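Remarks on the structure that follows.
The values are calculated or read from the model by the stated rules, or taken from the named source; none is laboratory data. None of the values given here were measured: they were computed from a predicted structure. Methodologically, a virtual Cβ is constructed for each residue, glycine included, from the backbone with ideal geometry; neighbour enumeration extends over all protein chains shown. Heads up: the accessible areas ignore ligands, DNA and RNA and are worked out on the full protein's heavy atoms, side chains in. Shrake-Rupley method; radii C 1.70, N 1.55, O 1.52, S 1.80 Å.
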Amino acid sequence: MGKQGGRAEQNFTKQPFLLSVDEIASHLETNIDSGLSSAQIQQYQEKYGPNKLEGDGGVSWYSILGKQISNAMILVLVLAMALSYGVEDFVEGAVITAVIILNVLIGFYQEFQAEKKMDALRSLSSPSALVMRDGNETTVSSGEVVPGDIISIKTGDTVPADLRMFEVMNLECDEAILTGEALPVAKEVEFEAKHGTVKEELGLGDRLNIAYSSATVTKGRGRGIVVYTGMSTAIGGIAASMQGKRRKPNRSMSRKKYGPMQPVKGGALRVWDGAGKFLGLTEGTPLQIKLSKLAYVLFGCAILLAIIVFGVNRFNVTNEVAIYAISTGIAIIPESLIAVLTITFVVGMTQMRKRKVVIRQLSALEALGGVTNICSDKTGTLTQGKMVTRKAWIPGAGVYSVDNSNNASDPTEGTISFGKAPKSRKDAEADRQARQEALDRKRSVAGINFDVPSEKLQKDNEKGPVTETDVEKDPEVSTELQAFLEASALCNLATVRKVNEDGQEQWKASGDPTEIALQVFSHRFNYGKKTLQEDGGWAQKMEFPFDSSIKRMSVVYQKPGQDHSTIFTKGAVERIIDLCTSVGIGDHEQQMTPDLKESILEQMTFLAEQGLRVLALARKFTPIEIVEHSDIDRAEVEKDLCLLGLAGLYDPPRLETKAAVQACTTAGITVSMLTGDHPSTATAIAKEVGIIPKNMGQLAPDVAAAIVKTASEFDKMTDAEIDALPTLPLVVARCAPETKVRMIEALHRRKKFAAMTGDGVNDSPSLKLADVGIAMGLNGSDVAKSASDIVLTDDNFASIVNAIEEGRRMFDNIQRFVLHLLTSNVGEVILLICGLGFQDSTGFSVFPLSPLQILWINMLTSSFPAFGLGREKASPDVMERPPHDNKKGVFTWELITDMLVYGTIQGTCCLMTFVFIVYGPGPDGLGVDCNRTYNDTCDVVFRARAAVFAELTWLILISAWEFKSMRRSMFRIDPHDTRAFPFFADIWENQFLFWSVVIAFFSVFPAVYIPGLNTSVFKHKGISWEWAPALVCVFVFVSGMETWKFIKRAMGWFQEEETEGMKVRRRQRSHLNLRQGFFTMARSFTKSKSEDKRSEAEQGEEMPPRGTGMPRIREEV
């Protein structure tokens, strides 16, 4: 293979598919069991470079430069520049030229850096690789893979590099991207060339022991050594053809294929696409496109205003009239709007990354704040994903229990006991009563009965009997248990091993948490998979991987000395027992009957009601020889099974989950759990985390019946029946991928904005259909990640809530800086349009602000505070409001009204100052030709302009602090703050905004007083007493803004509705209702950032009872 841009060549003595695994491992100095060491990884990364294709991704500098030149603001400035040179005002023309160049360069630099940063953040969600390094299995980005790495691949993964496979099980890869072959290719560790072909001459598609980079695993699993990375891979050889972009439909220029008019049609559409892309109207996020459209609407308004200026002057377009038209055109365009938005997006993505969320689609940043429903998986998301096998029910024998085990990987921790299983629900209730009485006796020597909390009692019950009479400690392995352990260990892909770290021996496990729990349970009795294979001689012949649609997995094994193969199957209890014709083995074997099936389901319910996830294990013997890649029908293999027992696995909820569910409810977001578990297990966990109430009897009967459904019940319902439900299910058990799709469709019919989590290959349809698709970064497949909008790097439900909080913060900040920029534009336009009435003795209008004053204010005064508002922290009540309406977007009626009100106050204040100075104390007069240059008659006008310039600058700066909250007074932004006067602390909190305001405030003085700069460039001059009206108007403006905010609060204008969670927080519950997160008084272990702020502000106040309302939803006026 070739070089990688000057990196070391990746060469072997022969092609890797011709070499043995040992030869490749020796060549790359790796170990197939423990992988490369940290030192080797660093050495190979420097030697071979990153594992990526040249030119893959990256940022196109010329397209960004084109975007900067093509935006509406630059076009207005170009027209202004041309007019300035046309009327021979070379100073103004030169300054505008410099402003254009400076603005393009600054915008280009900012956006180029922003795009590079976004590109780097997006790469975090690129296909990942499960790699063995230093003896530990870990997930890394595909770009970090080096030759010699030991990689594990499974169904749904994208192969990260060219691999020489040394372990495969039913592994098939889709290599169409490389070979064009439509059918997946079955991989083998050792193979022979077919049809007499010399092995050395085999093509890429026939090298069956190589899995190629960028291929997708369609079936099975395997492990291999990385032999080629980056441009040295097979796909690297055709990288150029991979990087071409496909054209949209109907863009072809072919006359032969589409008719004689196609070149005209295709050419016109290509020109339209190019123009739309150049102008930013067809590419970007919905908000970026919307703001680009706004910029061009304002561009049209600028032309309209210029026509108005010409009309007022009876279309006698002299130099003075043209300059005035330039001023109004510049005034209406918010020059820095797009740049501020880009920077805000980058800051948002960076903050998301810190909170364990990677953004794949920028549109998700806008959408997150509007999420009304979250449909979440349970295992590993709401729960810790660290399972322990707590119970094992063996037919005819009893129940094996594991107690005092908290380390999911350590088979030596905890104690094992054996007892009889309850025969009926009556026996189970009697057993629980006996345990409670025994606990009472144990807790008090005096025999006093204690009121044991239900949660504590449930945990005690899970631990098993406390009486010693019917319990056997450290039981021996019976024949029935042995069969169960063999099934647990062999029908299993997880590995459990003891490793030496820092001189200490520790147990490590890798694989799916469910399978780890079963593997560890088998290891407790010394029946681990490795032991059975090495000492017992068990050899795997075939594997049918877990399928979420049928909820089971099967393997075929052969043992020396046996004339039959053994099929082991595990999966959902209901699915497995339907395939069983017998139950138990040896003396306890019984034929399956309807009554026996009911008793098994009852045993499953006993386990599930304890919050345990229940799996069934079964086996059968077959004389049929089944080999790898056999085309035998799976249904034929998985029938006439013998049930060996049930395993009860406990997966504790994450400590932060309940607080996250409660935060969702307060924010007006409904959480639904869609899980593959049994309904009783799902219900128990949902009650524990607060998704549904513990006492369902307090709910209305129709609501109680609707909130927990199985997938079969939900899927049988028609769309009309689902829409008629009083509420959509909050728990869907035994959930299939198709059920997730129906749930999203049902939410959309109810006008909800839904987020959906997923990790498997089959979750892609629901992730794409959801408004925000959320993939799991740790356990998710590459297919799921590529279909998602965001990726959770820690698979934690609380991270979804963090992402929503961050999305709301961003939405608020975008509203803040849009309002800030547009308010100043409205004020400037009002000032200049009214200024048309100030006509000098020659009949020409005298502008209150010169074009360069406006440019200075818009470019320097407004831009940096707008950047500061884009970095504003989340408001304390950000998660105490309902989701925003994504259809309305940023431009709500409140924002539009505020823009007009504040802009009018701003423009009026400046106009009054200009009128007062020109017609007030001292000499009057508008002078002659004061728009072009300074002369003795222009003294008053130049002084008035200086005062208006200073005043408008200060009003815009003060408004930036006012816009920290759109409804609250800037003197008390947080209504729950107990400090006497928190204003200074609040404005200091955002230091970028603080220094932007302070520096811009003092920049007024050199602009007013520097000789030459003031009269020749800005067309104003130094002032003295004129500072007074400017300062007075600052107080008038602040008073006006505060009065308008007070009126909004007092009248309840634009007030958002209370969420159900806020109603609960505001008052004590009078009765139980469907308000998630508030069903129990369990302590929350984590808080969101906004909760932290509120908590700090409430220190010193008397805390209300736990679970009651702290924040007040009704606004203080």
Hey, can you tell me all the residues within the range 200-234 that are assigned to a helix (DSSP H, G or I), open to solvent by 10 Å² or more (accessible area, probe 1.4 Å) and in contact with a helix residue (DSSP H, G or I) (Cβ under 8 Å, 6 or more places away or on another chain)? E200, L204, G205, M231
By my count, helices (runs of 4 or more DSSP H) wholly in the range 451-558 with at least 1 residues that are among the hydroxyl-bearing types (S, T, Y) and at pLDDT 90 or above are 479-490, 513-524, 529-534
Do any strands (runs of 3 or more DSSP E) lying entirely in the range 316-422 carry at least 1 residues that are open to solvent by 10 Å² or more (accessible area, probe 1.4 Å) and within 24 Å of T681 (Cβ to Cβ), and which ones are they? 373-376, 388-394, 398-403, 415-419
With the requirement that a residue be over 43 Å from the mean Cα position of the chain (by Cα) and part of a loop (DSSP other than H, G, I, E, B), what does the range 252-266 give you? G259, P260, M261
Every residue in the range 839-862 that is among the polar types (S, T, N, Q) and either open to solvent by 10 Å² or more (accessible area, probe 1.4 Å) or not in a helix (DSSP H, G or I) (or both), please. Q839, S841, T842, S845, S850, S862
The range 913-936: number of residues that are farther than 16 Å from A946 by Cβ and at pLDDT 90 or above: 0
Are there any helices (runs of 4 or more DSSP H) wholly within the range 645-748 with 3 or more residues that are of a type in the set (V, I, T), and if so which? 657-666, 679-689
How do the pairs read when you match residues in the range 157-168 that are small (G, A, S) with residues anywhere that are open to solvent by 10 Å² or more (accessible area, probe 1.4 Å) and assigned to a strand (DSSP E or B), using Cβ under 9 Å and keeping only pairs 6 or more apart or on different chains? A161/Y228
Mind listing whichever residues of the range 944-994 are more than 20 Å from E1042 (Cβ to Cβ), surrounded by fewer than 21 Cβ atoms within 10 Å (Cβ to Cβ) and more than 32 Å from the chain's Cα centre (by Cα)? T978
Quick check on the range 887-910. Is at least one of its residues open to solvent by 60 Å² or more (accessible area, probe 1.4 Å), over 54 Å from the mean Cα position of the chain (by Cα), at pLDDT 90 or above and not acidic (D, E)? no
Any residue in the range 563-587 that's assigned to a helix (DSSP H, G or I): show its pairings with residues that are open to solvent by less than 40 Å² (accessible area, probe 1.4 Å) at Cβ separation under 6 Å, as long as the two are six or more apart or on different chains. V573/M604; V573/V614; V573/A616; R575/K551; R575/R552; I576/A616; I576/A618; I577/I600
Any residue at all in the range 589-604 that is of a type in the set (D, E) and either in contact with a helix residue (DSSP H, G or I) (Cβ under 8 Å, 6 or more places away or on another chain) or within 25 Å of D547 (Cβ to Cβ) (or both)? yes
So how many residues does the range 554-570 have that are of a type in the set (G, A, S) and either touching a His at 6+ places or on another chain (Cβ under 7 Å) or farther than 14 Å from K620 by Cβ (or both)? 1
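Looking at the range 580-595, which of the residues that are more than 15 Å from A397 (Cα to Cα) and hydrophobic (A, V, I, L, M, F, W, C) is least open to solvent (accessible area, probe 1.4 Å)?
C580
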Tally time: how many residues in the range 922-965 are of a type in the set (A, V, I, L, M) and assigned to a loop (DSSP other than H, G, I, E, B)? 2
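Among the candidates A660, A647, which residue alone is crowded, with 24+ Cβ neighbours inside 10 Å, over 18 Å from A487 (Cβ atoms) and modelled with pLDDT of 90 or more?
Of A660, A647, the one residue that is crowded, with 24+ Cβ neighbours inside 10 Å, over 18 Å from A487 (Cβ atoms) and modelled with pLDDT of 90 or more is A660.
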